[in-house]
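Written out below as structure tokens is the structure these notes cover.
Just so you know, all these numbers are worked out from the coordinates, no wet-lab data involved. Predicted, not measured: the structure shown is a model, and the values here were computed from it. All Cβ positions, glycine included, derive from the backbone under ideal geometry; neighbour counts span all protein chains shown.
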Amino acid sequence: MRDRNQRIGFALFAAYLLLYGGFVFLAAFAPRVMEQTPLWGLNVAIIYGFALIVAALIAALIYGFACRPEDASDAARDAANNDRSGASE
């Protein structure tokens, strides 16, 4: 189960990294593109920035729904282990 969760997390990270890399690339090498105002008087930088925020929220929701513990006893055991390790510090 842990390997599956890691694969999902890495895939979501890689997808977001590509989106963010596109934003940085445009900002660094095509600033005139970022200045264009295609919708409602908002420039591409603002639209792309809000799209990145929405994409991050969607990725978090996908990860949250797709990566659940195997069963309830695993979650309870993990919570108990976290409580014990936090109390000893």
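How many residues does region 6-56 hold that are in contact with a Phe, Trp or Tyr (Cβ under 8 Å, 6 or more places away or on another chain), under 17 Å from residue 67 (Cα atoms) and not β-branched (Val, Ile, Thr)?
Result for region 6-56: 3.
Report yes if residue 46 is among the β-branched types (Val, Ile, Thr) and farther than 24 Å from residue 14 by Cβ, otherwise no. Even if it seems obvious, please write down each step before you answer.
Details: among the β-branched types (Val, Ile, Thr): yes; farther than 24 Å from residue 14 by Cβ: yes.
Yes: the conditions hold for residue 46.
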